[in-house]
Amino acid sequence: MTDRLAALVAALLVALLALTWVTFDPQGISSGSAAASPEEQILAARSSLLPEPAHDKVPLPSRTPAPASTAPAATAPPAPVIDGIASNYPGTAGFLGQPVVALPGAMGGRYSGGVQGYATVCADRCVRVAVVDWCQCYWGTSDQRVVDISHAAWPLITDKPLSAGLVQVRVILDDPRLAAAWNGS
């Protein structure tokens, strides 16, 4: 009986691997050129995972023609992208030891004890992290920071040691909740 169970488990694993291989789309993930920046590669990979938009479907012919529309098609505004300096902090109560970030209030950061949204932070690599807090971050001064990265998130984003304290980053507010809060100041 044990040999049968082992054979069944092995067959299921092989089938799962085969299914993963067949459904894997390497062009959706690696279609970016070698010259593309890490954040462009992340955004391209994400867009390839989105479902086809409804307007791409061909409508069935009808007997009465639809009235011509002169209104431009509605498009989602691009996600705000902010370049600047990031600092690090130990973490936020309730999220200690987790890869999270705090954003300046002007960029949509706030503390409520929960996740406020998600932002993609890029340095050596791009990582989408939860925004769980806010920071003053010297906003509006020459020492301004655009994000405060938790100690747990730091090594996911950069190869610099935590003791470096600061790193140049690009923050992409690709979560609609944060994009709506961004005031661009």
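Any read-out appearing in this document is the output of simple, stated calculations on the displayed coordinates, not a laboratory observation. All values reported here derive from a predicted model rather than from experimental measurement. Backbone-built Cβ (ideal geometry, glycine too); neighbour counts: all protein chains shown.
Taking the Cα centre of segment 101-159 as origin and charging only Cβ (+1 Lys, Arg; -1 Asp, Glu), how large is the dipole, in debye to the nearest 20?
180 debye
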Checklist entry - From the Cα gyration tensor of segment 81-181, with a ≥ b ≥ c the square roots of its eigenvalues, which class applies: rounded if a/c is under 1.5, or else prolate if a/b is larger than b/c, or else oblate? => result rounded
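Sort Ser87, Ser150 by Cβ crowding within 10 Å, fewest neighbours at the top.
Details: Ser87 19, Ser150 24.
Ordered from fewest to most neighbouring Cβ atoms within 10 Å, Ser87, Ser150 come out as Ser87, Ser150.
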Checklist entry - Relative to the Cα centre, what is the charge dipole magnitude of segment 81-181, using +1 at the beta carbon of each Lys and Arg, -1 at the beta carbon of each Asp and Glu, and rounding to the nearest 20 debye? => result 100 debye
Checklist entry - Using the Cα gyration tensor of segment 105-147, with a ≥ b ≥ c the square roots of its eigenvalues, what is the shape: rounded (a/c below 1.5), prolate (a/b larger than b/c) or oblate (neither)? => result oblate
